[in-house]
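Some notes on the structure that comes next.
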Amino acid sequence: MRKGLLLLLAFSSVAAWADPVCQHVGGGIVTNFLNATTTFGSATGDLGGGIGVTVLTLTPGPGGVLTLHNQHHWVTTQGDTILAPPADATAYPSGQPGLYAATYADGIIINGGTGRFEHATGKVFAWGAIDTTKNEVVLRYEGTVCFADKDEH
């Protein structure tokens, strides 16, 4: 009996991970550059909390376009950590010195975290502006997050 109960509990845990519950998420991000490679600020909306970015590489391209290879650090207001591998943002010059239109055209992949984001997967896309003269970043994000256990969201 005891062995059967343990197998049932183990199977139930695996089954919960196999049946994710996905939801649309969206909100805004406002950060400041603390130095040439680090931002820190806040996110609002469904993934609200603190967010920072480390620019791992900055690659200039034709016409003044910049590619920023970024590592994100995201903690929700509930204290959950959202994990994401590095993602590329592209910054397009606006014609006004230091002002760029920015986009994560390929998105930011979510691949786990802590709390409700343990075993979560998803992708969020973002677009907005970078002002290097004021060291400010403002973005809008939207996408989908799939939670491993429907009881965790």
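The values are calculated or read from the model by the stated rules, or taken from the named source; none is laboratory data. If you're wondering where the values come from, they're calculated on a predicted model, not measured in any experiment. Every residue, glycine among them, receives a Cβ derived from its backbone with ideal geometry; neighbour counts consider all protein chains shown.
Taken over the stretch 112-153, the criterion of being modelled with pLDDT of 95 or more, assigned to a loop (DSSP other than H, G, I, E, B) and over 24 Å from Gly95 (Cα atoms) is satisfied by Gly112, Thr114, Glu118, His119, Ala120. Kindly indicate whether Gly128 is farther than 21 Å from Asn32 by Cα and in contact with a Leu (Cβ under 6 Å, 6 or more places away or on another chain). No, not satisfied. Among the residues of the stretch 56-81, those identified as closer than 18 Å to Glu118 by Cα, of a type in the set (Ser, Thr, Tyr) and surrounded by 13 or more Cβ atoms within 10 Å (Cβ to Cβ) are Thr76, Thr81. Put simply, of Ala10, Ala36 the only residue that is more than 20 Å from Ile108 (Cβ to Cβ), assigned to a helix (DSSP H, G or I) and modelled with pLDDT under 95 is Ala10.
Suppose the filter is under 15 Å from the mean Cα position of the chain (by Cα), crowded, with 18+ Cβ neighbours inside 10 Å, free of Cβ contacts under 8 Å to residues at least 60 places away in the same chain and within 21 Å of Gly27 (Cβ to Cβ); does Tyr141 pass it?
For Tyr141, the condition - under 15 Å from the mean Cα position of the chain (by Cα), crowded, with 18+ Cβ neighbours inside 10 Å, free of Cβ contacts under 8 Å to residues at least 60 places away in the same chain and within 21 Å of Gly27 (Cβ to Cβ) - is not met.
Of everything in the stretch 18-37 that is within 17 Å of Tyr100 (Cα to Cα) and without any contact (Cβ under 8 Å) to a residue 60 or more places away in the chain, the residue that is surrounded by the fewest Cβ atoms within 10 Å (Cβ to Cβ) is Ala36.
Just for the stretch 82-102: of the residues that are surrounded by fewer than 16 Cβ atoms within 10 Å (Cβ to Cβ) and either among the polar types (S, T, N, Q) or in a helix (DSSP H, G or I) (or both), which one is nearest to the chain's Cα centre (by Cα)? Among those residues, the one meeting the criterion is Ser94.
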